[in-house]
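Undergrad: Here's a structure for you.
What follows draws every value from the coordinates through simple rules; no lab data is involved. Fair warning: this is a prediction, and the values are worked out from it, not measured in the lab. So basically every Cβ, Gly included, is an ideal-geometry build from the backbone, and we count neighbours across all protein chains shown.
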Amino acid sequence: MSRLRQIYNRIQAINHRVIDRSLAAALPTADPLSLKLIALSLLQRDDPDAQAQLLRRYDQLPRDIRATIIRHAKDLYEPLRRLARLPADEGPLNAIAIVNAAKLTDATYLAAEQLFHRPTPVREQAAACLLDLANWVATPLGNPGEPAQPHADAACAHHVQTAVEEAVNHFRGHKQPDTLLALAALTPRSMPMGALYLGERHHAASEAMRTLLADAADPETRRALLAFIRIPALTDAALLGLTTTAASARIAEIMPTTHLLLNPRAVKALAKASRPTHLWPTPEQHAAMTPAQSRGLARWAVALPIEPAQRIKRLAKLSTTPDSAARLSALRALMAIPLPTADHAVTRFCHDHDERIARIALRHLIRRQWDGLSPLMLDLLGSDHPSVRQLASRKLAPAGFKRLWTGWSHMSEPQRIATGRALIKIDPLLHEHLAAKLNAPLRDDRIRALEIIQGLNQAAFFQGSVAALFDEPDQVVAATAARVLGTVHSDFAVQALETALDHPDTRVRANAVEALRQLQATGHLQRLAEIAQNDENRPRANAIAALMQMQTADAMKSLADMLHDPRPKQRASALWLIESMGLIEVARHAAEMSVSDPDQKVQSRARSAVQHLIKLMADPNPNPESQTNTQTDTQPDTQSDTQSQQTLASA
């Protein structure tokens, strides 16, 4: 064991002030190893004067010894008090440094005392210490995504706040701006005394704070702008600071403090902003914001004195913000605006990838009975969120059929199909509603029901009810029923249509022939041959077309007889058949009729047929569009027409 260690062990057993003072006196001349042993010994002994002498040399001690002192700082309050009251500058400076490094918040008053009757370097160091402690108290401790916890408890924060407010009160005596920054750093903590001093327009601290707020050069002042804007003496300076902050692309630093706008006085003061549109962050600034910053944008948009349309537009854009809490805040802000444009903006949130947000948005629109709710809910039936799909289907079903029924004539074909498919999935009473409409007293209702059944390809469910309409006194309804039944590929539908071939009404017979043709039924060949010879022009033309599709031998003869029929309507229907089926083989005869037929209407029909045939001959890959038969209620099938053309060509 070295002699130095022996001496150290020996004096440790002696508890006497002479030893303590001797150790303190040896500090200036001790070598590094001795200095470390002396420092450890003084820290373990209980002599405030000797410990104060050690702390007085704090700035000259090695780093490891300083770290040891900081670890034991809570046991050194009395030496620190004695050190802080020494007349020499190095004592107070070291006391301030230890209080700051050890975060001795309950000793903050020692630093604050140095602001009075001390040289400028000491006052500056004391003010800087207050600022550091204020920032340390105000900064939450925690990892991203975890609940933030404060560095210090309420008692520690109270010690710092009391010292800072006292320093602000005596600002005229020390004029240290860091004390004002410390007060700003502590916001939005309730500081009645600080607010009282700053509220006096001619108070030295108030005058200096106005300069700091207007410049907005420090993070502390930028974060305190919304806290101080409600103080009348500071309002104008805070507004100028907001403009300066926005111009320097630092507006994001204000967003975490927008909860201060819950104070009506702050909102009223913000309304005085001369150029509020410049206070909104640019897209680049928005993209660079942290989640904590973006969560304040919704409240910021609500508080800014801008036009409602601009406010709604900015809130709607927040639907793309990555942070769910920020999007929810924007949605809540839009829900509070009783305008149709705000409801329209809420629709963006109905597609949010957060199920909770999407459900809240949809419930709001349902409660508001928004005009565009039905198509939106149709769209949301394909949502990724089960609760949203369930809500949309539950609300859409009762009103779905009514919308389909009243809007059918105004909907495009894709809209009809989309709406109908959605109702088939969500409305178990859809078929009951349609069945009831088939028996409605008004012709228009029965016809519309048939059109919906055909358009949604639901005729198979109603084939019995549709076939029963052949006995309907209203022949228009019966003819429409025949056309609809032509979409059902079943033996029952074929038998019902074959029976309708003997219906007394011409339109019903014509549509029945066309329907059987579409179903490619062949069990009624003899009856078709009879119709092709002596029936009215509409069923006769359709019967000849069906015979051509079945490649019968008498089909061309029946067409020739119809072309030479003395009745103009018969000849016109025959020409329609030539045009619709693209019968190039009889183009010459049609051309002769276009100039020689005694009836002008027949000539016009013949010219139309010839022009169409010329186009077919010019096109090596003909794909003629289906044309509406002006003589019948049906529309020819293109595929069947092509087959008929090939049949005639082979004959």
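Undergrad: Based on the Cβ-Cβ distance from residue 557 to residue 471, what FRET efficiency comes out when R0 is 41 Å, to the nearest 0.05?
TA: With R0 = 41 Å, the Cβ-Cβ based efficiency is 0.75.
Undergrad: Of the listed pairs 313/425; 175/272; 175/268; 74/175; 395/437; 402/425, which have alpha-carbon separations greater than 27 Å here?
TA: From the list (313/425; 175/272; 175/268; 74/175; 395/437; 402/425), the Cα-Cα distance tops 27 Å for 313/425; 175/272; 175/268; 74/175.
Undergrad: Separate question: Any chance you could run the full-extension gain for residue 611 through residue 460? It's 0.36 nm times the residue separation minus the Cα-Cα distance, nm to one decimal.
TA: Stretched out fully, the residue 611 to residue 460 stretch lengthens by 50.4 nm.
Undergrad: While we're looking at this one, here's another question. Read phi for every residue in the range 579-585 and hand back ³J(HN,Hα) as whole Hz from Karplus 6.51 cos²θ - 1.76 cosθ + 1.60, θ = phi - 60°, with x for Gly and Pro.
TA: Each residue of the range 579-585 in turn: 5, 5, 9, x, 7, 5, 4 Hz.
Undergrad: How large is ³J(HN,Hα), in whole Hz, for each residue of the range 479-493 in order, when computed from phi with the Karplus curve 6.51 cos²θ - 1.76 cosθ + 1.60 and θ = phi - 60°, using x for Gly and Pro?
TA: Along the range 479-493, the couplings run 5, 5, 4, 4, 5, 5, 5, x, 9, 9, 8, 8, 5, 4, 5 Hz.
Undergrad: Any chance you could give the angle, 0 to 90 degrees and rounded to 10, that helix 308-317 forms with the longest Cα principal axis of the chain?
TA: Approximately 90 degrees, to the nearest 10.
Undergrad: Something else now. Of 257, 104, 456, which is farthest along the charge dipole of the chain in the positive direction, counting Lys and Arg as +1 and Asp and Glu as -1 at C-beta?
TA: Looking along the dipole axis, the top candidate is 104.
Undergrad: Something else now. Among 326, 418, 203, which residue has its Cα furthest toward the positive end of the charge dipole of the chain, with +1 on Lys/Arg Cβ and -1 on Asp/Glu Cβ?
TA: Result: 203.
Undergrad: Counting other beta carbons within 10 Å of each Cβ, put 258, 68 in order, fewest first.
TA: Ranked by crowding around the Cβ, least crowded first: 68, 258.
Undergrad: Which ³J(HN,Hα) values, rounded to whole Hz and listed in residue order, are derived for the range 170-184 from phi using the Karplus coefficients 6.51, -1.76 and 1.60 in 6.51 cos²θ - 1.76 cosθ + 1.60 with θ = phi - 60°, glycine and proline given as x?
TA: With coefficients 6.51, -1.76 and 1.60, one gets 9, 4, 4, x, 10, 6, 9, x, 4, 5, 6, 5, 5, 5, 5 Hz.
Undergrad: Amide H neighbours of residue 115 under 5 Å, at least 5 residues apart or on other chains, H built in the peptide plane: list them.
TA: none
Undergrad: From the alpha carbon gyration tensor of the range 353-460, can you work out the equivalent ellipsoid semi-axes (sqrt of 5 times each eigenvalue) and give them in Å, largest to smallest?
TA: In descending order, the three semi-axes are 28, 13, 12 Å.
Undergrad: Moving on to the next point. Along the charge dipole of the chain, pointing to its positive end and built from +1/-1 on Cβ of Lys, Arg, Asp and Glu, which listed residue (372, 553, 594) has its Cα farthest out?
TA: 372
Undergrad: A further question follows. Taking 0.36 nm per intervening residue step and subtracting the Cα-Cα distance, what contour gain separates residue 526 from residue 21 on full extension?
TA: 168.2 nm
Undergrad: Same structure, new question: How many nm separate the modelled label positions at residue 292 and residue 567, each set 7 Å beyond the Cα in the direction of the Cβ?
TA: 9.1 nm
Undergrad: Shape verdict for the range 486-600, please, from the Cα gyration tensor: rounded (a/c under 1.5), prolate (a/b greater than b/c) or oblate.
TA: It is prolate, given that a/c is not under 1.5 and a/b is the larger ratio.
Undergrad: Right, something else. Quick check on packing: order 111-123, 163-175, 262-274, 540-552 by the mean number of other C-beta atoms within 10 Å, highest mean leading.
TA: In descending order of packing, they fall as 540-552, 163-175, 111-123, 262-274.
Undergrad: Among the lysines, which have Cα under 28 Å from the Cα of residue 601 when same-chain residues fewer than 8 positions away are ignored?
TA: Result set, ordered by chain and number: 557, 569, 615.
Undergrad: Let me ask you something else. For a footprinting-style exposure proxy, rank 202, 524 by other Cβ within 10 Å, fewest first.
TA: In order of increasing Cβ crowding within 10 Å: 202, 524.
Undergrad: With everything on Cα atoms, drop me the angle between helix 537-549 and the longest principal axis of the chain, reported from 0 to 90° to the nearest 10.
TA: That works out to roughly 80 degrees.
Undergrad: So what's the back-of-envelope 222 nm ellipticity for the chain, counting only DSSP H runs of four-plus at -39500 (n - 2.57) apiece and dividing by all residues, rounded to 500?
TA: Calculated from helices alone, the mean residue ellipticity at 222 nm is -19500 deg cm²/dmol.
Undergrad: State, as an integer percentage, the relative contact order of the chain based on alpha-carbon contacts under 8 Å between residues 6 or more apart.
TA: 4 percent
Undergrad: Output the Cα-based Rg and Dmax of the chain in Å, rounding Rg to one decimal and Dmax to a whole number.
TA: When restricted to Cα atoms, the chain yields Rg and Dmax of 46.7, 147 Å.
Undergrad: Could you calculate the contour length gain from residue 309 to residue 207, that is, 0.36 nm times the residue separation minus the distance between their Cα atoms, to one decimal place in nm?
TA: Between residue 309 and residue 207, full extension yields 32.9 nm more.
Undergrad: For a paramagnetic label modelled at 7 Å from the Cα of residue 341 toward its Cβ, which residues of the range 269-288 fall within the zone defined by backbone nitrogen distances under 18 Å?
TA: Correct set: 276-278, 280.
Undergrad: Could you give me the percent of Cα pairs per 5 Å distance bin for the range 512-556, shortest bin first, beginning at zero and ending with the bin that holds the maximum distance?
TA: 5, 28, 41, 22, 4
Undergrad: Provide the packing ranking of 277-289, 574-586, i.e. peptides ordered by the mean count of other C-beta atoms within 10 Å per residue, highest first.
TA: Ranking the peptides 277-289, 574-586 by packing returns 574-586, 277-289.
Undergrad: Treating only the Cβ of Lys, Arg, Asp and Glu as charged (+1, +1, -1, -1), what charge dipole size does the chain show about its Cα centre? Round to the nearest 20 debye.
TA: 2880 debye
Undergrad: Also, I was wondering about something else. Tell me, what is the FRET efficiency for residue 49 and residue 71 to the nearest 0.05, using R0 = 22 angstrom and their Cβ-Cβ distance as r?
TA: The formula returns an efficiency of 0.55 here.
Undergrad: Given +1 on the Cβ of Lys and Arg, -1 on the Cβ of Asp and Glu, and no further charges, what dipole in debye does the range 300-450 carry about its Cα centre, rounded to the nearest 20?
TA: About 180 debye.
Undergrad: With 10 angstrom as the radius, rank 359, 311 by how many other C-beta atoms surround their C-beta, starting from the fewest.
TA: 359, 311
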